[in-house]
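Comments concern the structure below.
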């Protein structure tokens with residue numbers, strides 16, 4: 001894991017035109033860097049101004065004024081990174097903000113790698129690793145639920161829940177080792193039976209926390225979903241209507257869709273990574289064959305299948321084969337009985353027993369699609385969980401750590417109940433504690449930290 005080196009600088013606002021651009025500088029020499037490229041308009045030395053108060057002045061490059069703007073100074077340790085931090089606000093624009101960045105570089109700072117400011121905040125103990133992941137989620141958020149999940153109150157709930165479980169388990173481990181080290185003296189706070197009961201309760205609470213990952217993952221990462229069906233049943237029209245835009249080309253010509261087209265689609269709190277695919281049929285067209293093969297591969301990878309059927313045409317053998325595909329789909333499958341605005345040749349009563357949930361919809365009018373979204377939201381997330389009120393596991397890293405702790409505690413409990421030597425149970429409990437410590441980054445490898453920060457943008 002890369003440590004803090006030197007005083008770094010980067011543009012912290014997105015590139016392009018805007019009202020304001022912010023250039024951030026962090027490190028021991030942040031104030032000295034600012035003094036070389038910023039001149040307060042009131043004529044006073046920059047260091048004489050109170051910290052955390054905006055100072056108006058001129059920004060210079062090579063001794064020439066390039067803009068006027070505001071400067072904020074946050075002395076260590078009361079800053080985002082825990083170091084001295086300067087934030088220079090200039091007028092937005094790629095060229096101008098680039099010139100201000102150049103001014104800070106010429107004044108002695110070095111370019112900040114992607115995620116460097118947040119990395120420094122983590123190394124300074126200002127953020128836990130879960131906080132870091134939440135920062136990344138907030139930046140990349142495309143749904144209100146993702147923003148809510150990344151908010152500080154949601155992070156605090158998770159940190160408090162993990163911390164409380166950690167402390168409870170540590171207390172039980174102390175009792176276990178007291179029994180090992182002093183078997184003839186009654187120094188343990190709890191009896192073996194009480195320790196076992198305590199482990200069982202912690203295991204139950206950990207399992208409940210682990211189960212929240214289904215909801216957290218659906219919100220944070222999204223769930224892969226595919227729209228499938230025969231050609232000309234209205235798959236692309238349903239796709240467009242769900243998205244609310246003309247993302248896919250729609251024509252009455254069978255085989256129009258040749259490739260996979262994927263867009264994000266919020267459904268309640270969950271996020272679908274929704275893919276439109278080529279119509280499933282036997283064809284001699286070599287290009288369409290490739291599209292059909294890609295459609296089948298996408299179905300095999302998906303967690304949600306939306307099978308579109310045309311109720312304005314009679315059910316055929318191919319339709320029944322696709323319905324069987326949906327019946328055996330390992331994830332969440334729905335049948336969308338499309339063209340409900342046209343006279344129906346068949347309906348739900350024609351579906352075989354054991355078919356997935358079916359919805360009468362119309363891509364033309366949008367009828368029934370809100371009910372589809374509501375159903376999917378309920379199927380993919382737990383409505384009993386409240387963002388900001390409940391602790392929710394939201395990353396694969398956290399989920400893996402919790403699952404590992406559950407496995408070790410299950411083995412520990414089994415050892416205690418069967419009367420296995422207590423040192424074996426204590427070893428498993430310690431392993432569970434180590435896994436639990438990984439959730440918020442108390443103990444985690446540098447490789448994992450580097451992998452998390454590799455997803456960050458420059459300037460954050």
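The values are calculated or read from the model by the stated rules, or taken from the named source; none is laboratory data. Keep in mind the model is a prediction, meaning the values are calculated, not measured. FYI the Cβ positions are ideal-geometry reconstructions off the backbone, even for glycines, and counts take in every protein chain you see.
Only residues that are modelled with pLDDT of 90 or more and out of contact with any strand residue (DSSP E or B) (no Cβ under 7 Å at 6 or more places or on another chain): list them for region 242-269, please. Listed by number, the residues that qualify are 266, 267, 268, 269. Among the residues of region 45-68, those identified as surrounded by fewer than 18 Cβ atoms within 10 Å (Cβ to Cβ), over 37 Å from the mean Cα position of the chain (by Cα) and not in a strand (DSSP E or B) are 45, 47, 48, 49, 50, 62, 63.
State all residues of region 1-44 that are farther than 26 Å from residue 124 by Cβ and part of a strand (DSSP E or B); if no residue qualifies, say none.
Residues of region 1-44 that are farther than 26 Å from residue 124 by Cβ, as a first pass: 15-20, 39-44.
Answer for region 1-44, where residues must be farther than 26 Å from residue 124 by Cβ and part of a strand (DSSP E or B): 20, 39, 40.
Of the helices (runs of 4 or more DSSP H) lying entirely inside region 69-177, the ones with 2 or more residues being within 30 Å of residue 268 (Cα to Cα) and outside the structural domain of residue 207 (by TED's automatic domain parsing) are found at 129-140.
A residue that is in the same structural domain as residue 123 (by TED's automatic domain parsing), at pLDDT 95 or above, within 15 Å of residue 97 (Cβ to Cβ) and in contact with a helix residue (DSSP H, G or I) (Cβ under 7 Å, 6 or more places away or on another chain) occurs nowhere in region 39-53. Is it the case that some residue within region 372-394 is in contact (Cβ under 8 Å) with a residue 12 or more places away in the chain, over 29 Å from the mean Cα position of the chain (by Cα), part of a strand (DSSP E or B) and buried (at least 17 other Cβ atoms within 10 Å of the Cβ)? No, region 372-394 contains no residue that is in contact (Cβ under 8 Å) with a residue 12 or more places away in the chain, over 29 Å from the mean Cα position of the chain (by Cα), part of a strand (DSSP E or B) and buried (at least 17 other Cβ atoms within 10 Å of the Cβ).
Conditions (1) at negative phi; (2) in contact with a strand residue (DSSP E or B) (Cβ under 7 Å, 6 or more places away or on another chain), marked per residue:
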residue	(1), (2)
7	yes, yes
15	yes, no
21	yes, yes
33	yes, yes
36	yes, no
43	no, no
52	no, yes
58	yes, yes
63	no, no
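Among the residues of region 335-368 satisfying the criterion of being more than 38 Å from the chain's Cα centre (by Cα) and not in a loop (DSSP other than H, G, I, E, B), which is surrounded by the fewest Cβ atoms within 10 Å (Cβ to Cβ)? Filtering region 335-368 for residues that are more than 38 Å from the chain's Cα centre (by Cα) and not in a loop (DSSP other than H, G, I, E, B), the one surrounded by the fewest Cβ atoms within 10 Å (Cβ to Cβ) comes out as 349.
Determine whether residue 210 is under 18 Å from the mean Cα position of the chain (by Cα), in a helix (DSSP H, G or I), buried (at least 16 other Cβ atoms within 10 Å of the Cβ) and at pLDDT 90 or above. Yes: the conditions hold for residue 210.
Buried (at least 19 other Cβ atoms within 10 Å of the Cβ), in contact (Cβ under 8 Å) with a residue 24 or more places away in the chain and out of contact with any helix residue (DSSP H, G or I) (no Cβ under 9 Å at 6 or more places or on another chain), is that true of residue 94? Write out each step before concluding.
On the way: buried (at least 19 other Cβ atoms within 10 Å of the Cβ): no; in contact (Cβ under 8 Å) with a residue 24 or more places away in the chain: yes; out of contact with any helix residue (DSSP H, G or I) (no Cβ under 9 Å at 6 or more places or on another chain): yes.
It is false that residue 94 is buried (at least 19 other Cβ atoms within 10 Å of the Cβ), in contact (Cβ under 8 Å) with a residue 24 or more places away in the chain and out of contact with any helix residue (DSSP H, G or I) (no Cβ under 9 Å at 6 or more places or on another chain).
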